[in-house]
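**Student:** Have a look at this one before I ask anything.
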Amino acid sequence: MTGTASTARPAEVTASDSPFPMALWSEAVCSRRAIPDTLASGAPAPGTTDPDQDPLPAGPRLPLAPPPLRLPPAPGSPAGLADPAVLAALLHYSYGLLQHDPTPGGRPLHRAVASARCRYPSELTLVTPEAAYRFDALHHQLVGLDGSSAARRPPAPGSSAFLVITSRFARTARLYGDYAPRLCAQEAGMLLGAVHLVAAALGLRARPGADLGTLLGLCADWLPGTGEHPMAYVELGSESRSVGGPATPRTDGPAWLPPDLASVLRARHSGAAIFDPDPVPAPAQLLPDLGAALADAPFDDFSCHLLVGRVTGTEPGHHVHNGGRTRLVYDGDPLPLLEQIGQTEGRVSVNFRATACTAYIAVRRGEAVAKYGADAFRRLHLTAGAVAHRICVVAARHGLCARVHNGYDAARAAHLLGLSPDEETVLFQVALGTARPSASFRVPVVF
């Protein structure tokens, strides 16, 4: 299976056969026209079916080891998927079920990655040369996607493997209609970033990939004919070294790896339904950690604009990260810019007066569209999404909530942030702040 993928030619995608038609840029990024009027009431979008009826895979089930409470689970042990604790930790802390909110009328299940209204359209599949296994986060199990004998046993020690990300647009489209492909692409990018970060913490060699030919080759033997779209993959290296302690310096992985990454991921929070944080300063270490995390993102073709409002020891201002470095653009209160950028449909839907920092992740859309055509939409959202997840993790490390919020004007953002006209586009707005006390609460999920 992986041999087929490695020799596959890059596929050409046209606007007519891509799940991301070129019109999405104008309908779902440069405007929000694709959002149905029914979203405000929570009613299903017109013409959609109930995705909650999606059947679970019917193949043989392989229970995973209980997720460890720390990453790595056993310092000094070989780093490889043949270790049941490593495999369980990789899947659980990348896309597993981490929190339960029993508040009546709320969204009860929360995974390791942010998702629009907790629809979780992404699927995570472990692909080895012998078989493919779907991760069932609700039951913390692997499910063989074919009836072969190989699918009935765990991956062989030392075998190469890929984690493949696919997306079921219908799950999100039930509420968001034609806006769903953008949200699904954003989540796929964040999940790609999550797998990369957790794999590095476990001592695994991880290479995120977006090449369409390789992706289609990896999916050829098991992906359903309709309803599920290939998005990205992470190639996982075979066992090659031992995992150090949580604070051991790393030479082949991200430099920013908090020693308590597992507890940070369990604490990640997107905030209340209306993002109205407590107006208190964030810790001084927030900005250095953001700079370090952004510098080691899996892709480097992005810029991140940080509009700082309330961070201890830092004056309000506009900072930009690109080329692996963060620099100050100007000093001064960013609130006027934030409220201009964040005004859509005649209102500002985030209380920027109380946020600690707001990040805008921009990509070079003109260059990518010229090179990849319709497939640029998927590729660029993978890049920006991986960065957005790192920002969410840094926020959680410092006790902050991070809200991915698409309520911004992309053209106005490009102009006010000084982006290259007709070339750069903002794909993510991430607001960081301290959550106010509320009546809702979350409890950890333990398998």
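Yes or no, residue by residue, for (1) surrounded by 15 or more Cβ atoms within 10 Å (Cβ to Cβ); (2) out of contact with any Gly (no Cβ under 9 Å at 6 or more places or on another chain):
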{"residue": "Leu294", "(1), (2)": "yes, no"}
{"residue": "Leu328", "(1), (2)": "no, no"}
{"residue": "Gly332", "(1), (2)": "no, no"}
{"residue": "Gly342", "(1), (2)": "yes, no"}
{"residue": "Ala356", "(1), (2)": "yes, no"}
{"residue": "Arg365", "(1), (2)": "yes, yes"}
{"residue": "Lys371", "(1), (2)": "no, yes"}
{"residue": "Ala376", "(1), (2)": "yes, yes"}
{"residue": "Ala386", "(1), (2)": "yes, no"}
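**Student:** Can you name the residue in segment 390-447 that is β-branched (Val, Ile, Thr) and in a loop (DSSP other than H, G, I, E, B) and, of all such residues, is nearest to Val329 (Cα to Cα)? I'd like the intermediate steps shown before the answer.
**Tutor:** The first filter runs over segment 390-447 and keeps only residues β-branched (Val, Ile, Thr), leaving 391, 393-394, 404, 425-426, 430, 434, 443, 445-446.
Keeping just the survivors that are in a loop (DSSP other than H, G, I, E, B) gives 445-446.
Values: Val445: 43, Val446: 45 Å.
Once the filter is applied, the top-ranked residue is Val445.
**Student:** Within the bounds of segment 361-383, is there any residue that is in contact with a helix residue (DSSP H, G or I) (Cβ under 7 Å, 6 or more places away or on another chain) and either assigned to a loop (DSSP other than H, G, I, E, B) or at pLDDT below 95 (or both)?
**Tutor:** no
The values are calculated or read from the model by the stated rules, or taken from the named source; none is laboratory data. Note that the structure is a prediction, hence the values are computed from the model and not measured. Note that we place each Cβ from the backbone using ideal geometry, even for glycine, and neighbour counts take in every protein chain shown.
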